[in-house]
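The values are calculated or read from the model by the stated rules, or taken from the named source; none is laboratory data. None of these values were measured; they are calculated from a predicted model. Glycine gets a Cβ as well: all are built from the backbone with ideal geometry, and neighbour counts include every protein chain shown. Note: areas computed on protein heavy atoms with side chains; ligands, DNA, RNA excluded. Shrake-Rupley method; radii C 1.70, N 1.55, O 1.52, S 1.80 Å.
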Amino acid sequence: QLVESGGGLVQPGGSLRLSCVFSGFAFNSYAIGWFRQAAGAEREGIACISRSGASPIYADSVKGRFTISRDDAKNSVHLQMNDLKPEDTSVYYCAADRLYNRCSTRQDAYANWGQGTQVTVSS
């Protein structure tokens, strides 16, 4: 089971830290992806981290502003989002799957999904 938290309303230029907590399976065996879906748009993969934590991948739309990290001791993954823009407004989802020594920002790479958390960036 994956549960996201940390979403909310923030002004442009502000920051939020999303968390995704895992239960029910061996967290350190799974790669994690963060995705988002704005109203009327397709779901977009924005960041991922392998089970080793090495070489995270970021979409161009968030590179330099978002940072993904994992805390195996707490079975959690975080997405630190800085310099938020109105176009970052979306429902954010985390996803997990056993990807050996890699991660992916493709939806079809992941079988386990959280329920999502809303992020709204507005003044």
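Structural remarks
- Using C-alpha pairs under 8 Å with a sequence gap of at least 6, the mean separation divided by the residue count of the range 17-123 gives a relative contact order of 33 percent.
- Sequentially through the range 94-105, phi angles give Karplus couplings (6.51, -1.76, 1.60; θ = phi - 60°) of 9, 9, 9, 6, 7, 10, 5, 6, 7, 9, 8, 9 Hz, Gly and Pro residues having no value and appearing as x.
- Rounded to the nearest 20 debye, the dipole magnitude of the range 1-90 is 180 debye, with +1 charges on Lys and Arg beta carbons, -1 on Asp and Glu beta carbons, and the Cα centre as origin.
- Note on the chain: with neighbouring protein chains present and a 1.4 Å probe, carbon and sulfur make up 45 percent of its accessible heavy-atom surface.
- Within the chain, longest stretch free of exposed chymotrypsin sites (Phe, Trp or Tyr not before Pro) [DSSP loop, at most 14 other beta carbons within 10 Å]: 26-99
- Average accessible surface for the chain: 49 Å² per residue, computed with a 1.4 Å probe over protein heavy atoms with every protein chain in place.
- Here the range 42-123 is assigned +1 on the Cβ of each Lys and Arg and -1 on the Cβ of each Asp and Glu. Its dipole about the Cα centre then comes out at about 260 debye.
- Most mobile of S90, S29, S61 in a GNM of the chain (Cα contacts under 10 Å): S61
- Of A73, Q37, G6, farthest towards positive along the dipole that unit charges on Lys, Arg, Asp, Glu beta carbons give the chain: A73
- The R102 and S5 beta-carbon pair, evaluated with R₀ = 35 Å, returns a calculated FRET efficiency of approximately 0.85.
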